[in-house]
Every structure is written in structure tokens, then in C-alpha cells.
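Worksheet for the structure shown next.
Every number here is computed from the coordinates shown, using simple stated rules; none is lab data. Remember, predicted model here, so these are calculated numbers, not experimental data. We place every Cβ from the backbone using ideal geometry, glycine too, and count neighbours over all the protein chains shown.
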Amino acid sequence: MSDRKQIECWLTDMDGVLVHEGSPVPGASEFLARLTQAQKPFLVLTNNSRYTPRDLHVRLRAAGLDVPVESIYTSALATAQFLNDQRPHGSAYVLGEAGLTTALHDIGYVLTEIDPDYVVLGETRTYSFSQITMAIRLIDNGARFIATNPDPVGPSIDGALPATGAVAALITKATNVSPYFVGKPNPLMMRKALNTVGGHSETTAMIGDRMDTDVVSGMEAGLYTILVLTGVTTEDGIDRFPFRPSRVAASIAELVDMIGD
């Protein structure tokens with residue numbers, strides 16, 4: 001930190017940093033309270049596209065964490081904004097849940113399996129064989145392939161679950177068409193986050209639990225990157241990557257003292 005300016009804006013992942021399967025990570029409540037007390041701009045960035053920001057606000061509050069709706073930015077929102085920029089008022093066949101379908105409805109997209117402009121793949125705990133089959137056929141017929149995020153697995157209390165990236169790989173194998181991933185580590189999501197909090201790369205930190213999405217996206221955006229060991233990446237796994245975070249912390253509890261007045 002000696003060769004950097006004071007951190008004024010904070011970006012943080014949600015799953016594995018603030019919560020784990022609905023339970024708060026120790027120190028998360030104190031960290032968020034300190035941000036609020038110090039009036040530091042912050043944004044919770046999540047590749048989870050299952051829920052709307054309002055849904056996540058309620059779920060976080062039930063876990064004892066106070067995060068305003070406007071401080072939550074999901075890969076579903078990023079995907080909707082990307083599609084709105086690329087092809088306004090288009091159509092899509094969606095594999096996903098309310099977070100993604102709501103975001104697309106809000107930009108005026110038609111959700112259909114009849115000659116859609118895009119196949120949009122998001123997160124769900126109930127991927128169906130018939131939906132995947134439909135997605136493959138639509139892509140074969142010319143639909144463009146978009147995915148909310150590249151995460152291959154997600155956490156659960158019973159262990160890893162196949163996630164968007166894994167299902168995207170299945171569809172790619174069947175169609176020979178690779179998706180465009182909108183969520184982390186895509187720089188589009190990081191730039192939108194910085195713009196939202198009014199932050200500058202030299203004075204913004206990114207906290208995450210994954211080297212392959214959170215840390216690499218923060219690093220490529222020029223942010224101070226912090227890996228916490230309460231999620232996917234273990235301490236032994238750090239050296240498997242050709243880059244390193246600016247700091248490694250056991251949990252977000254260690255970071256409270258970094259928040260200035």
C-alpha cells in the first residue's frame with residue numbers, strides 16, 4: 001500500500017467474500033458497517049445471475065448484512081446492458097432464472113424460442129436437458145451465443161456445483177460456437193462498476209475469492225486486488241496462476257482497518 005494512494009472506493013464479490021450459502025462470512029457485517037460509517041462508495045459485484053438486486057438485498061439482509069439495492073450489480077444486469085447497447089429491443093432464448101429474465105424484460109427484450117437474436121445462458125440450479133437441447137438447435141440455426149459469466153463451478157454446502165461456464169462448454173462442444181462472456185473477468189463489468197461508484201483505478205480496491213475472475217479482472221483494471229480465503233481459491237492454489245493479488249487475507253474481517261475515515 002505504500003506506493004499507492006489511499007483506497008477511497010471498494011468493489012467486492014458477494015459469494016465467498018460476504019456470504020457462503022446464505023450465511024454471513026465472519027467480519028462481513030463489520031466491514032460493510034465501516035464502509036457506511038466512513039461514507040466510502042462501494043459496490044457488490046456478483047457473477048450470480050439468478051437473483052435481481054432487490055432479491056439479493058433481501059437475502060443479504062436476512063443474513064444480517066445491510067447492502068442497499070443500488071449497491072448491488074449482477075452479471076445479469078451487465079448482460080442486459082450489453083445486449084441493449086448491441087441490439088436494442090431484440091429477442092433472446094434464455095436459460096436462467098428471475099435475475100436474468102427480469103433484467104432482459106426491463107430493457108424491452110422479447111423472450112422467445114422463435115428465431116431469437118441471442119441464446120443467453122445464465123445461472124440456475126435446474127438446467128434442463130430439453131432447454132439445453134433447444135439452445136443448441138437455436139445456435140445451430142444462427143442465434144448468437146451469450147453467457148453471463150464463465151465460472152465453471154459454484155459453491156454449495158455439499159460441495160461444488162456445475163455452473164454457467166460448465167454448461168456453456170457443453171453447448172460449445174455440441175455447436176462449435178463459443179459464447180461471449182459478459183461477467184467477470186470481462187473488463188466491461190469492471191468499467192461499469194468503476195463508473196457506478198465514481199471511482200478511479202488508483203484509489204479503488206477489488207475484493208474476491210477467485211483468482212480466475214475477481215483478482216484477474218481487478219488486476220487488468222489497475223485496481224488494488226485482495227484475495228480472501230473464504231471461498232473458491234485456496235492459499236495453495238494461488239501459485240498455480242501467473243499473476244498474484246496485491247494482498248491475501250484470511251477473510252474480510254482482516255480488511256476493516258484498511259477503511260480510512
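Per residue of segment 222-229, in order, report the coupling 6.51 cos²θ - 1.76 cosθ + 1.60 (Karplus, θ = phi - 60°) as ³J(HN,Hα) in whole Hz, putting x for Gly and Pro.
Going residue by residue, I get x, 8, 6, 10, 10, 9, 9, 9 Hz, with x marking Gly and Pro.
Within 10 Å, count the other beta carbons around each residue, average over each peptide in 14-24, 40-50, and list them highest first.
Taking the mean over residues of other Cβ atoms within 10 Å, the ranking is 40-50, 14-24.
Return the Cα extents of segment 150-245 along principal axes one, two and three, sorted largest first, each rounded to a whole Å.
The Cα atoms of segment 150-245 stretch 43, 30, 26 Å along the principal axes, largest first.
Quick one: putting +1 on the C-beta of Lys and Arg, -1 on the C-beta of Asp and Glu, what dipole do you get for segment 76-181 around its Cα centre, in Debye to the nearest 20?
Dipole magnitude for segment 76-181 comes out near 200 debye.
For the chain, what is Rg from Cα atoms divided by 2.2 N^0.38 Å, rounded to two decimals?
Expressed relative to 2.2 N^0.38 Å, the Cα Rg reads 1.00.
Let me check I have the definition right: for segment 76-181, take the eigenvalues of the Cα gyration tensor, multiply each by 5, take square roots. What are those semi-axes in whole Å, largest first?
21, 16, 12
So what's the projected area for segment 1-120, the Cα convex hull averaged over all directions, in nm²?
9.0 nm²
Please list 3J(HN,Hα) in residue order for segment 235-245, calculated via the Karplus relation 6.51 cos²θ - 1.76 cosθ + 1.60 where θ = phi - 60°; whole Hz, with x for glycine and proline.
Whole-Hz 3J(HN,Hα) from phi for segment 235-245: 4, 5, x, 4, 6, 6, 9, x, 9, 10, x.
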